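J.: Before I ask anything, let me first share the structure, which is written out below as structure tokens.
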Amino acid sequence: MTPEFNGGEMSAGAYRELLTTAPGNAFDADSDAPDLRRLYTPDSHRLALDPDVTVVRGGRGSGKTVWFKVLSDDRLRVIAAEAYKLPRLNGVVTANGFGTALGPESYPGPATIRKILDSDVDPAEIWTAVVLVALNVEQILTIKGWEHRVAWARNNPEAYEVALWEADQKAGAERVIQLLLFDGLDHLHSDRGIADQMVSGLLKTALGLRLATQNIRAKVFIRPDMYESASRNFADASKLGANAADLTWSTENLYGLLFHQLGNGEGEAAAAFRQVSGSWRAGQNGRFVPPVDVVADSQRQEEIFVGMAGWYMGANHRKGYTYTWLPNHLQDGNWQVSPRSFLRAVSKAAEVTRDSFASYELALHYDAIRQGVQAASQVRVDEIREDIRWAAIAGEMLSGQQVPIDAGTVVACWREGDLVGKLEALHPDGSVGSGPKNMADHKGLIDQLVELGVMTWRTTGKLDLPDVYRIAFDIGRKGGVRRPTR
């Protein structure tokens, strides 16, 4: 037994080591595959994996790509089927219809899509060709190049109907569900207006599969703003929203994820954490399953986290309680917290405590937790710069201001900084796509930022920004988490 693990207790140093290493690839699901041991299955995500649910909405870092990869992987799908009591997942045959990874045999990449659309092709025809390839229709598989495949699909509508019918009959006879998966729709096209048309065509195609067949389904992982901005002006479109699932994370989910990662980390520290936190069960493939209270009981979770960080965010309760303070300062205006931001904040807090508060008796110093929130804020703002550029530009132009802030002051900042000119440069062809509906309507821009969760209205009539955006936008708040020194 090493000094770090004495009599079933963990030292602060051992906790810090585990907190900095265990989150692993949770920061970047796009570039790493989900891990068999560390795959976490929050109860609230069960509906998202149901094969009959076509649309799964989730913001950046909410788990869309993780579930896309889980459903694509036979071994991970078995774990999900067991955890969620969804035996239907064991009878699913999947095919990828689009994703962030290149898959030229399965679907055209962004550059190929741009070339095809230059030929005045209806975006829905691209998805028709993708579905035919996914169903292994021999005639289209023998055609080289997606431009020619799309042309063949356009000229052979009857072949599509026959292929669907035959594939449906075959899947029924084999008692399986053919599930087509779509993710990474942010990468469909650099022009959001065209991307919206592509999404609209995909949603129409996906709904058509559900209505026309018994055993062929599509699952579309999509950001909420992309879902809302895509036209759904086609028959029965309301049925998509009626059975959609949302990837949300409660406070219990977030701490459950953290503790699951710690218990399934590597080495003695992870083993010690399992020993001090309850009766973990050994599962398949070296996976450890935590006790129910560790992932779903807020009181038990607080006990564990207090053992790492103490009760308070300072000398006493007036500074806040650590268990609730952290998620409260990471949530956006829609009360949502990205698990990626949460894990990043905890991991950064452990690094800062190790480097700057090494003699502190606990694993996480409260000032280090504040710096963890600063790091998570930068991650969140970087994400919005990639996804909703116009919103990031609007936020950046408030740098140096203080919140709460009058709407008039916000508009004055935008006018002084020529926000309209910057947005016009962002959309040179006049297509606003999923960006602002009217670039010159400043009140409308505020309303849309509120809908996105970047801003909130206070009861005083002033505007506020959640810390997860405010800090990285370099906007002050009296008594709030300090902005990083620049």
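J.: At a 1.4 Å probe, what is the % contribution of carbon and sulfur to the accessible area of the range 301-400?
T.: Exposed carbon and sulfur together represent 45 percent of the surface.
J.: If you don't mind, another one. May I ask you to compute the full-extension gain from Arg75 to Asp43, defined as 0.36 nm times their residue separation minus their alpha-carbon distance, rounded to one decimal in nm?
T.: Computed gain between Arg75 and Asp43 is 9.6 nm.
J.: What are the ³J(HN,Hα) couplings of the range 108-121, residue after residue, when phi is run through the Karplus curve with 6.51, -1.76, 1.60 and θ = phi - 60°? Round to Hz, x for glycine and proline.
T.: With the stated coefficients, the range 108-121 comes to x, x, x, 5, 5, 4, 4, 5, 5, 5, 4, 8, 6, 8 Hz.
J.: Right, another one. Please tell me the relative contact order of the range 327-445 in percent, rounded to the nearest whole number, where contacts are Cα pairs under 8 Å and at least six residues apart. Please report the intermediate quantities before stating the final value.
T.: Numbers: 90 pairs, mean separation 20.3, N = 119.
Normalised by residue count, the contact order of the range 327-445 is 17 percent.
J.: List the GluC sites (Glu not before Pro) in the range 350-416 that DSSP assigns to loop (not H, G, I, E or B) and whose Cβ has at most 12 other Cβ atoms within 10 Å. Which are they?
T.: Working: sites: Glu351, Glu361, Glu383, Glu386, Glu396, Glu416; in loops: Glu361.
Sites meeting the loop and neighbour criteria: Glu361.
J.: Give Lys64/Lys239; Lys85/Lys348; Lys64/Lys422; Lys69/Lys204; Lys219/Lys348 a once-over and call out the pairs whose C-alpha atoms are over 28 Å from each other.
T.: Lys85/Lys348; Lys64/Lys422; Lys219/Lys348
J.: Pairs of Cα atoms under 8 Å, at least six residues apart: use those to get the relative contact order of the chain, whole percent.
T.: 18 percent
J.: Just the accessible area per residue of the chain, please: how many Å² with a 1.4 Å probe?
T.: I get 44 Å² per residue for the chain.
J.: Can you give me the long-range amide H partners of Gly476? Hydrogens built in the peptide plane at 1.01 Å from N, cutoff under 5 Å, separation of 5 or more residues or another chain.
T.: Gly400, Gln401, Gln402, Val403
J.: Okay, next question. Give the lysines whose C-alpha is closer than 20 Å to that of Lys478, dropping any in the same chain fewer than 8 places away, or say none.
T.: Result set, ordered by chain and number: Lys319, Lys462.
J.: OK, next. Below 15 angstrom from the Cβ of Leu71, what's the summed charge of the other residues (Lys, Arg +1; Asp, Glu -1)?
T.: Net local charge, Leu71 excluded: +2.
J.: Provide the per-residue ³J(HN,Hα) series for the range 217-223, in order, calculated from phi with Karplus coefficients 6.51, -1.76, 1.60 and θ = phi - 60°, each as a whole number of Hz, with x at glycine and proline positions.
T.: 9, 10, 10, 10, 8, 8, 5
J.: Here is a follow-up. Given the rule -39500 (n - 2.57) for each run of at least 4 DSSP H residues, summed and divided by the residues of the chain, what is its mean residue ellipticity at 222 nm, to the nearest 500 deg cm²/dmol?
T.: After summing the helix terms and dividing by the residues of the chain, the value is -15000 deg cm²/dmol.
J.: How large a share of the accessible area of the range 76-126, in percent, is made up of carbon and sulfur atoms when the probe is 1.4 Å and the other protein chains stay in place?
T.: Carbon plus sulfur share of accessible area: 53 percent.
J.: Defining a contact as two alpha carbons under 8 Å apart and six or more residues distant in sequence, what relative contact order in percent does the range 151-222 show? Could you put the intermediate results ahead of the total?
T.: Numbers: 63 pairs, mean separation 29.4, N = 72.
Relative contact order here is 41 percent.
J.: When DSSP assigns beta bridges and you keep just the ones with both residues in the chain, what percent turn out antiparallel, to the nearest 5?
T.: If I count the DSSP bridges inside the chain, around 30 percent turn out antiparallel.
J.: Enumerate by residue number the GluC sites (Glu not before Pro) in the range 63-130 meeting two conditions: DSSP loop (anything except H, G, I, E, B), and at most 11 other Cβ atoms within 10 Å of the site's Cβ.
T.: Values: sites: Glu82, Glu105, Glu125; in loops: Glu105.
Qualifying residues, ordered by number: Glu105.
J.: Sticking with this one: Would you kindly derive the ³J(HN,Hα) couplings of the range 62-70 from the backbone phi angles with the Karplus curve 6.51 cos²θ - 1.76 cosθ + 1.60 (θ = phi - 60°), listing them in order in whole Hz, with x for Gly and Pro?
T.: 8, x, 4, 5, 4, 5, 4, 6, 5
J.: Long-range amide H contacts for Thr94: which residues qualify at under 5 Å (H placed 1.01 Å from N, peptide plane, sequence gap of 5 or more or a different chain)?
T.: Correct list: Leu179.
J.: So, one more: Rounded to the nearest Å, what's the spacing between the alpha carbon centres of the range 348-409 and the range 74-151? Just the number, please.
T.: Between the Cα centre of the range 348-409 and that of the range 74-151, the gap is 38 Å.
The values are calculated or read from the model by the stated rules, or taken from the named source; none is laboratory data. Because the structure is a prediction, the values reported are computed rather than measured. Virtual Cβ from ideal backbone geometry, glycine too; neighbours counted across all protein chains shown. We work out accessible area using only protein heavy atoms, side chains counted, and drop any ligands, DNA or RNA first. Shrake-Rupley method; radii C 1.70, N 1.55, O 1.52, S 1.80 Å.
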